[in-house]
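The values are calculated or read from the model by the stated rules, or taken from the named source; none is laboratory data. Just so we're clear, the structure is a prediction, and the values are computed from it rather than from any experiment. Here the Cβ positions follow ideal geometry from the backbone for every residue, glycine too, while neighbour counts run over all protein chains shown. Heads up: the accessible areas ignore ligands, DNA and RNA and are worked out on the full protein's heavy atoms, side chains in. Shrake-Rupley method; radii C 1.70, N 1.55, O 1.52, S 1.80 Å.
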2 protein chains.
Amino acid sequence: MKELSKKLSTLLGPKGWVSPENCLPWQRDWLDQNGEVPLGVARITSTDEATEVLRLCCAEKVAIVPQGGNTGLVGAGVLGKPNGVIISLSRMNVISSPDYSGGTITVEAGVILESLHQSLKGTGLMFPMHLGSEGSAQIGGLIATNAGGSHAFRYGMMQDLVLGLEVVLADGTVWNGMRSVQKDNAGYQLRKLFCGSEGTLGIVTRAILKLSPEPKQHFTALLAVSDASGLVKLAARLRAEGGEFLTAMEFFSNVGLDIALTNIPELVFPLQSRTAFYLIVEASSGSTKVPLDVILAEVIDWGMSEGIIIDSALAMSSTQRAAFWRLREEQPEGQRQLGVQLKHDISVPPEQLVDFLNRANDECNKILKGVRINPFGHLGDGNVHYNLSPPIGQLDFFGLDSEFAIKLGRLATIMGGSFAAEHGIGRTKTFLADILRDPVERNMMMRIKKSLDDSNQLNPDVLVSS
Amino acid sequence: MKELSKKLSTLLGPKGWVSPENCLPWQRDWLDQNGEVPLGVARITSTDEATEVLRLCCAEKVAIVPQGGNTGLVGAGVLGKPNGVIISLSRMNVISSPDYSGGTITVEAGVILESLHQSLKGTGLMFPMHLGSEGSAQIGGLIATNAGGSHAFRYGMMQDLVLGLEVVLADGTVWNGMRSVQKDNAGYQLRKLFCGSEGTLGIVTRAILKLSPEPKQHFTALLAVSDASGLVKLAARLRAEGGEFLTAMEFFSNVGLDIALTNIPELVFPLQSRTAFYLIVEASSGSTKVPLDVILAEVIDWGMSEGIIIDSALAMSSTQRAAFWRLREEQPEGQRQLGVQLKHDISVPPEQLVDFLNRANDECNKILKGVRINPFGHLGDGNVHYNLSPPIGQLDFFGLDSEFAIKLGRLATIMGGSFAAEHGIGRTKTFLADILRDPVERNMMMRIKKSLDDSNQLNPDVLVSS
């Protein structure tokens with residue numbers, strides 16, 4: 001071990017090798033729930049260094065955990081057992097200039113999503129992925145977790161936005177899949193397989209991403225909605241009338257609003273009415289000739305006349321638009337500040353949302369009376385972050401964590417949905433996957449894992465437990 | 001062998017088991033270039049029958065080739081060696097009623113694409129995949145080949161449209177991945193891996209597909225374009241101004257137009273001018289309030305004033321629209337009727353199309369002077385079907401087939417594109433893949449193949465040669 005540490009230190013230099021006593025910024029995850037002490041952190045600056053680190057660790061059978069912005073919620077970017085090596089990609093952060101006519105861009109894995117957004121400002125192009133953690137989340141991590149976010153139902157998840165990849169495999173071999181085309185059927189879709197593989201099959205070092213034309217106009221409204229059933233009816237109407245412009249339909253609850261307003265004092269809620277749910281509707285178009293305001297106003301008028309929409313505000317400036325979005329995006333932070341919580345990352349077919357919420361609320365109240373239920377998320381693709389805080393005045397969940405997770409996950413599964421919609425399985429949900437996942441599926445995953453990482457070197461016990 | 005044939009005949013009955021002497025409709029591929037005599041064709045009607053057939057064949061180490069509509073162009077749906085079993089999915093053709101609010105539909109693998117289109121008429125929903133062979137191509141085959149077609153650059157390829165899958169694995173085990181949500185990160189993206197796996201990892205029996213709202217208006221124009229460089233400039237302008245409405249940009253050449261008009265007498269060409277290239281531009285919107293005609297007319301006016309567009313016609317009816325499309329879609333049939341041909345299924349980053357065409361034309365003329373070059377395809381995603389007919393008066397390519405394929409494939413590869421854009425590798429392009437594909441990539445594919453089909457039972461020597 002000492003020998004390996006010395007070799008890595010020599011290879012990477014003082015900036016590149018962080019010894020255990022200085023590891024804290026990388027050791028624990030964002031929720032401070034996971035992360036054992038590593039042998040060290042390898043802050044690589046090149047693909048070649050990744051190869052060398054993997055070869056050295058491989059020879060010593062030391063586990064390797066790749067880490068991006070460390071914003072994951074399932075413990076996949078930190079160690080499950082002490083003495084593995086964390087490979088941090090954050091120093092590989094070069095953004096090439098975009099290919100304008102092709103609409104693509106080449107980036108290194110450590111590029112922060114927000115930096116990518118910034119770098120594209122004024123180019124007429126954009127990378128259409130948005131999520132709460134975009135100020136820290138890195139491209140490599142977003143690929144490894146197949147991130148979704150709030151615009152996924154229009155633009156797709158990470159797997160839909162990755163054209164080319166460079167990946168260092170377990171034995172240090174480099175796969176150069178840096179192609180720039182959507183249509184590439186020259187064999188298995190390896191680029192898709194790495195999306196969502198949570199660092200268990202290889203370490204993504206570079207990517208070619210698909211860009212979209214920057215919209216020339218936006219329409220953003222914040223709506224107070226009667227109830228869950230109103231949300232679903234409104235979403236159906238928006239899909240039918242909002243056509244190809246609809247970019248986001250993000251909801252949060254009155255419970256979540258209260259939590260956020262209490263814990264994040266600078267938040268401002270601009271509506272007069274308080275209702276069960278709130279919806280941010282955003283539409284955008286690449287043409288200035290589309291009467292977005294007319295099209296959306298008609299749907300809002302319809303919602304008002306049906307008693308579905310109780311109150312509404314339209315964003316009149318980009319500042320106001322950002323303020324609306326913050327109400328939704330600070331939901332996780334608000335709840336984190338409240339204290340202990342249970343996160344459940346569910347998806348159900350969108351039309352089953354009401355049924356899911358009703359049944360889930362019943363189940364949760366049966367398990368623990370008075371538990372505070374805070375569902376928020378992405379109405380467009382049925383992705384609910386169904387989070388729980390303990391009943392008022394209580395400080396924990398009395399060891400009922402797994403019972404909640406299993407009940408809610410099973411409910412999603414029987415509805416044709418997923419118990420791990422966009423956060424992944426990581427370390428913390430393999431027990432859940434073992435219970436809820438078809439054994440055939442689990443077996444296929446184990447076989448694929450083994451085929452590319454025979455000695456179980458890369459992120460062991462993540463995604464599928466051995 | 002006789003024993004197996006008897007068992008399969010008993011299992012499947014007289015309609016379900018076709019003996020070799022009656023196999024002709026399944027034995028040869030569409031181009032009549034591939035297909036050895038099978039032991040028989042298993043025309044299964046259920047997933048259970050697929051399981052039984054696989055178990056029986058597995059026990060006897062008999063190769064299995066799944067077949068859909070048999071419209072593939074790379075020999076993946078027919079036998080490479082005699083005495084394997086073809087599993088035809090065409091009798092598994094049940095279409096469930098769509099899930100309206102969720103925008104999904106469950107289909108069996110043998111459903112013909114056109115039947116699916118028909119079944120959705122009047123529902124307000126559509127399945128957004130279109131290609132020339134849609135009257136015969138089946139969903140299972142479209143999944144196995146990760147089909148693209150003419151609308152892929154807006155709506156995606158098959159991998160972007162498949163939410164859930166049921167697959168029978170090599171040993172007869174059934175993987176039930178029939179989920180209905182876009183966001184499902186509960187492990188590796190197996191549903192994506194099967195898209196484009198060409199029947200080598202399992203046999204797709206059912207799928208849940210993502211539908212889109214049926215557009216409420218279309219705009220279709222046929223344009224005569226000065227040259228390749230004009231095509232690319234026009235495409236860039238259309239992307240920038242046509243925004244999210246742009247549905248197809250399909251091009252064909254004057255060479256191809258002549259071939260099609262000569263060989264398919266009922267085709268009508270409505271323009272006065274003949275130019276090097278023609279482009280079908282289609283835009284569509286889910287809202288009636290978008291002034292598609294104004295938006296597109298402005299781009300066409302710009303093209304005219306720049307001397308890029310020489311002549312144009314707008315479709316004034318759905319009949320006219322269909323007539324425009326036929327000019328493009330009959331390109332393969334026209335050339336097939338002309339006689340022997342070489343097909344190359346290339347993709348390059350769209351902005352490199354001119355460079356590709358120039359260099360490819362030079363290369364081809366060096367290899368065989370006077371060779372007739374007929375490029376057509378999908379301008380939106382840079383997918384060129386770069387097809388060759390022999391010089392006028394000559395009947396073959398003098399054994400130069402591989403030389404053409406290697407030169408053109410290499411050109412695409414060094415430009416960041418693909419030598420197998422949407423037709424796949426199949427049997428006929430594994431030699432090309434072995435030359436052009438990174439050995440690391442080939443090795444990964446072999447390992448994945450082995451992990452799910454250890455005894456190499458499913459479509460052996462397809463996609464990656466053993």
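Summary of computed values
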| item | result |
| --- | --- |
| Candidate set from the range A:180-203 (those that are basic (Lys, Arg) and crowded, with 24+ Cβ neighbours inside 10 Å); member that is farthest from residue B:380 (Cα to Cα) | A:192 |
| Residue ID - farthest from the other protein chains (Cβ to nearest Cβ), chosen from residues in the range A:230-246 that are within 19 Å of residue A:358 (Cα to Cα) and open to solvent by less than 40 Å² (accessible area, probe 1.4 Å) | A:230 |
| Enumeration of residues in the range B:74-103 that are touching a residue at least 12 places away in the same chain (Cβ under 8 Å), within 14 Å of chain A (Cβ to nearest Cβ) and open to solvent by 40 Å² or more (accessible area, probe 1.4 Å) | B:99, B:100 |
| Where residue B:387 falls short, out of the listed (1) closer than 21 Å to residue B:148 by Cβ; (2) within 8 Å of chain A (Cβ to nearest Cβ); (3) in contact with a Phe, Trp or Tyr (Cβ under 8 Å, 6 or more places away or on another chain) | (2) |
| Pick from the range B:398-410, criterion open to solvent by less than 50 Å² (accessible area, probe 1.4 Å) and free of Cβ contacts under 8 Å to residues at least 60 places away in the same chain, ranking: farthest from residue B:369 (Cα to Cα) | B:406 |
| Residue within the range B:325-335 that is surrounded by fewer than 19 Cβ atoms within 10 Å (Cβ to Cβ) and aromatic (Phe, Trp, Tyr) present | no |
| Test: residue in the range A:104-122 that is out of contact with any Lys or Arg (no Cβ under 8 Å at 6 or more places or on another chain), surrounded by 24 or more Cβ atoms within 10 Å (Cβ to Cβ) and touching a residue at least 60 places away in the same chain (Cβ under 8 Å) | yes |
| Complete set of residues in the range A:313-324 that are within 19 Å of residue A:378 (Cα to Cα) and surrounded by fewer than 22 Cβ atoms within 10 Å (Cβ to Cβ) | A:321, A:322, A:323 |
| Residue A:434 being out of contact with any Lys or Arg (no Cβ under 9 Å at 6 or more places or on another chain), open to solvent by 30 Å² or more (accessible area, probe 1.4 Å) and among the acidic types (Asp, Glu) | no |
| One residue from A:51, A:45, A:106, A:71 being modelled with pLDDT under 95 and polar (S, T, N, Q) | A:71 |
| Residue check for residue A:384: within 27 Å of the chain's Cα centre (by Cα) and without any contact (Cβ under 8 Å) to a residue 60 or more places away in the chain | yes |
| Residue match in the range B:295-312 (condition: open to solvent by 60 Å² or more (accessible area, probe 1.4 Å) and touching a Phe, Trp or Tyr at 6+ places or on another chain (Cβ under 9 Å)) | no |
| Residues being open to solvent by 30 Å² or more (accessible area, probe 1.4 Å) and touching a residue at least 24 places away in the same chain (Cβ under 8 Å) - total across the range A:132-146 | 4 |
| Candidate set from the range A:189-223 (those that are over 18 Å from residue A:453 (Cα atoms) and among the charged types (D, E, K, R)); member that is nearest to the other protein chains (Cβ to nearest Cβ) | A:216 |
| Unique residue being out of contact with any strand residue (DSSP E or B) (no Cβ under 7 Å at 6 or more places or on another chain) and within 14 Å of chain A (Cβ to nearest Cβ) when the list is B:436, B:395 | B:436 |
| Residue in the range A:347-358 that is within 14 Å of chain B (Cβ to nearest Cβ), closer than 14 Å to residue A:149 by Cα and surrounded by 20 or more Cβ atoms within 10 Å (Cβ to Cβ) present | yes |
| Of the criteria (1) within 19 Å of residue B:367 (Cα to Cα); (2) touching an Asp or Glu at 6+ places or on another chain (Cβ under 9 Å); (3) more than 9 Å from chain A (Cβ to nearest Cβ), which one residue B:419 fails | (3) |
| Given (1) open to solvent by less than 20 Å² (accessible area, probe 1.4 Å); (2) more than 24 Å from residue B:73 (Cβ to Cβ), number of the condition residue B:279 does not satisfy | (2) |
| Cβ-Cβ under 6 Å pairs, at least 6 apart or on other chains, the range A:266-291 side within 9 Å of another protein chain (Cβ to nearest Cβ), far side among the aromatic types (Phe, Trp, Tyr) and open to solvent by less than 30 Å² (accessible area, probe 1.4 Å) | A:285/A:245 |
| Matching residues, the range A:113-137, being more than 18 Å from residue A:164 (Cα to Cα) and touching a helix residue (DSSP H, G or I) at 6+ places or on another chain (Cβ under 9 Å) | A:124, A:130, A:131, A:132, A:133, A:134, A:135, A:136, A:137 |
| Conditions (1) more than 24 Å from the chain's Cα centre (by Cα); (2) among the small types (Gly, Ala, Ser); (3) within 14 Å of chain B (Cβ to nearest Cβ); number of the one not met by residue A:226 | (3) |
| Given (1) buried (at least 17 other Cβ atoms within 10 Å of the Cβ); (2) of a type outside the set (Gly, Ala, Ser); (3) touching a Leu at 6+ places or on another chain (Cβ under 6 Å), number of the condition residue B:60 does not satisfy | (1) |
| Some residue of the range A:139-150 being touching a Phe, Trp or Tyr at 6+ places or on another chain (Cβ under 7 Å) and within 11 Å of chain B (Cβ to nearest Cβ) | no |
| Among residues of the range A:100-127, those that are of a type in the set (D, E, K, R) and touching a strand residue (DSSP E or B) at 6+ places or on another chain (Cβ under 7 Å), counted | 1 |
| Any chance residue A:330 is acidic (Asp, Glu) and more than 14 Å from every other protein chain (Cβ to nearest Cβ) | yes |
| Any chance residue A:165 is hydrophobic (A, V, I, L, M, F, W, C) and at the interface with chain B (Cβ under 10 Å from one of its Cβ atoms) | no |
